[in-house]
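See below for the structure under consideration.
Nothing in this text is a laboratory measurement; each read-out follows from the coordinates by a stated rule. Since this is a predicted model, take the numbers as computed values, not measurements. Please note: Cβ atoms are built from the backbone with ideal geometry, for glycine as well, and neighbour counts cover all protein chains shown.
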């Protein structure tokens, strides 16, 4: 099966992950552990290439109800975005993302989200998309706010991180609002 590719603009593209991203994913995680581990639980589990290899292999062998894509900026891998916890019966999904610290603050994730939202609503026929972010992760929370998602509330102790449970802000967007 040919990997899905979405062109966001002349500088940004999204491509379904494969083994060609093994070393780039691991390299960013390994070199930005302190930055990424603040909000991403899997960073501490990624101690060598085998964890990243297992992550990619698991995705490639999955039913692909969920979607994991590499974010490229000027043809260089800079992060991951995807659809997760997808519920086909109820036509809803969630977007998750992370980006290299070096590329943060340039609107890359916001534009990547917008392209993925368009694909989810118009090609996959989802009706609802949500984004969850730790309440204290203000940079991540700005993305759904910029994209006119509605703030729905707080999921208390919604995710376990290395420093304990964190509350999650829940945002949603419906197809008829896009």
(request) Once you have the Cα-Cα distance between residue 33 and residue 88, take 0.36 nm times their residue separation minus that, and quote the gain in nm to one decimal. (result) 16.4 nm
(request) For region 149-178 and region 77-99, write down the distance between their C-alpha centroids in whole Å. (result) 13 Å
(request) Run the quick spin-label model on residue 11 and residue 50: label points 7 Å from Cα toward the beta carbon, then report their separation in nm to one decimal. (result) 4.0 nm
(message) Helix-only estimate, please: 222 nm mean residue ellipticity of the chain, summing -39500 (n - 2.57) across DSSP H runs of length 4 or more and dividing by its residues, to the nearest 500.
(response) -8500 deg cm²/dmol
(request) State, as an integer percentage, the relative contact order of region 5-127 based on alpha-carbon contacts under 8 Å between residues 6 or more apart. (result) 25 percent
